[in-house]
1. How large is ³J(HN,Hα), in whole Hz, for each residue of the stretch A:125-133 in order, when computed from phi with the Karplus curve 6.51 cos²θ - 1.76 cosθ + 1.60 and θ = phi - 60°, using x for Gly and Pro?
2. Applying the Karplus parametrisation 6.51 cos²θ - 1.76 cosθ + 1.60 with θ = phi - 60° to the phi angles of the stretch D:29-43, what ³J(HN,Hα) value in whole Hz is obtained for each residue in order, glycine and proline being reported as x?
3. When a footprinting reagent is the concern and you count Cβ atoms within 10 Å, what order do A:Arg49, A:Arg8 take, fewest first?
4. Can you list which of the GluC sites (Glu not before Pro) found in the stretch A:1-50 are DSSP loop residues with at most 13 other C-beta atoms within 10 Å?
5. Taking neighbour counts of Cβ atoms within 10 Å as a proxy for exposure, in what order, fewest first, do C:Ile37, B:Ile138, B:Ile33, D:Ile83 appear?
6. For each pair in A:Lys17/B:Lys113; C:Lys126/D:Lys59; A:Lys126/B:Lys63; C:Lys64/D:Lys27; A:Lys25/A:Lys59, compute the distance between the two Cα atoms and list the pairs where it is over 24 Å.
7. Between the label point of C:Ile110 and that of the same position in each other copy, find the distances and list them shortest first in nm, with every label point placed 7 Å from Cα along the Cα-to-C-beta direction.
8. Determine the calculated [θ] at 222 nm for chain A from helices alone, applying -39500 (n - 2.57) to every DSSP H run no shorter than 4 residues and normalising by the residue count; nearest 500 deg cm²/dmol.
4 protein chains.
Amino acid sequence: MENTFEKRSISYESAIKMINAAHEKAKEIGVTITVAIVDESGVQKAFGRMDNAPLISVKASLKKALTAIGFGISSGQEWFNFIKEDPIMREGVHDFDDFILLGGGSPIFIEGKLVGAIGISGGHYKQDEECVKTALNIL
Amino acid sequence: MENTFEKRSISYESAIKMINAAHEKAKEIGVTITVAIVDESGVQKAFGRMDNAPLISVKASLKKALTAIGFGISSGQEWFNFIKEDPIMREGVHDFDDFILLGGGSPIFIEGKLVGAIGISGGHYKQDEECVKTALNIL
Amino acid sequence: MENTFEKRSISYESAIKMINAAHEKAKEIGVTITVAIVDESGVQKAFGRMDNAPLISVKASLKKALTAIGFGISSGQEWFNFIKEDPIMREGVHDFDDFILLGGGSPIFIEGKLVGAIGISGGHYKQDEECVKTALNIL
Amino acid sequence: MENTFEKRSISYESAIKMINAAHEKAKEIGVTITVAIVDESGVQKAFGRMDNAPLISVKASLKKALTAIGFGISSGQEWFNFIKEDPIMREGVHDFDDFILLGGGSPIFIEGKLVGAIGISGGHYKQDEECVKTALNIL
């Protein structure tokens, strides 16, 4: 019998680097964003709201990260592809807790393991997704 | 290093004048309404429920104000224009916290700054919007 | 009529420097902590959980920051001094929302203005307070 | 059989006059307060936060009003007298929803009927109580 199993969890050092990279990208494309990072257990790890990022981004960034960690798929297109042909899922998905169907949340995989998730909000969701991509690329 | 940045916040004096103006308009067009005003950070600033305003208006007025402050656009037509062509946003927008897609919530801009938001509920949303317009005009 | 009034809000740049300074201090004294920073309106601004910081620190750090921003006094000794002689306050204070009577939360004043608050949790509250002091000193 | 019974409910006109009177008193004694008024059913009727009133006052004012309407007695000394000799009540009272044991909340009686309640927060609770008294006196 195995008494325990291993988890891999995003380090704070990596999390803050991802936030910095996302903020830089946001400045470059002219938006102000909030970035939330949760660990593999959905516990908040790091969070950074740029000055003047829209108020909606404070809760939405965390919700996107929680959506992505929930099933290990991104909060926008991936979740949408998963549900779009099934009328029950299409409606029922919104009943999940801590769920938002909107681009800008992504799981963080390192060496094939789901170690956390990132959620970004502040611009159009396509801009948020660009910032997510930049953040993931630094890993 | 800049340690702080400036925000401008709606004054109580202006907020209560907006409520009074909205109530007057409501009497003129024959509806009873509730008016909620939040500051630039979404914190409740002033609130006034006319006698016999429908019960739904108590929470809906605040929710409309919070929707408007979240992204700085009105809770009805402006939000709808933002999402109407995109099937994911069309569904996902309802997953935001403190969000209602319904006319009667508007950001309050003074000298180009987002200083708060107003939400009105009680009549048909087109009547609510008329009262919002009247309230914004006194500034 | 004054339509608006000014607020000053802690910048993200300062907030993240405070978190870094607190983390450094924590390493020096041998604890792992979480640091939460809220703005002048109690909205989360920045957050950083060191790897292996105790789980209790995730919510406690935010609660300490919210306690400090609520009335502009620290969550430990200052609040205790305010209530200790009054039997009603002594009990009733725990009924406040977002309140914790425990050292490690402090208002952030810059040029005499309350611009935000910091909350730290992870060690004994006296260690948390040391880290708070270090963070405040970088401003 | 009586199918219905009568309620008497605080009018908006009276509620806003109470808020104005409380704000005036607050200015006189040098504090900034928030005033919340609920009707006989605990539904928010009117609300006014003075510029720069402490953040804690936003939720605490409403909680004091709800405490006062809950049983028709004030949130401070009256509730305390009711519970102080009974060890079970002394502890259990804090488990009520929407309850705070702290001066500054008072029922509003008109012609012997409980028609609403007022809650004030922002100063020391003794200052809040002064403002409550002033507000009640205008009726």
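1. Per-residue couplings from phi come out as 4, 5, 5, 4, 5, 4, 5, 4, 4 Hz.
2. 9, x, 10, 10, 10, 10, 10, 10, 10, 10, 8, 5, 9, x, 8
3. Numbers: A:Arg49 29, A:Arg8 15.
Lowest count first: A:Arg8, A:Arg49.
4. Details: sites: A:Glu2, A:Glu6, A:Glu13, A:Glu24, A:Glu28, A:Glu40; in loops: A:Glu2, A:Glu6, A:Glu40.
Passing sites in the stretch A:1-50 are A:Glu2, A:Glu6.
5. On the way: C:Ile37 31, B:Ile138 14, B:Ile33 27, D:Ile83 17.
The order, fewest Cβ neighbours first, is B:Ile138, D:Ile83, B:Ile33, C:Ile37.
6. A:Lys17/B:Lys113; C:Lys126/D:Lys59; A:Lys126/B:Lys63; C:Lys64/D:Lys27
7. 2.3, 3.1, 4.8
8. -13500 deg cm²/dmol
Each value in this text was obtained by applying a stated rule to the coordinates, not by laboratory testing. Just so you know, these numbers come straight off a predicted model, no measurement behind them. No Cβ is skipped: glycine too gets one built from the backbone with ideal geometry, and neighbour counts run over all protein chains shown.
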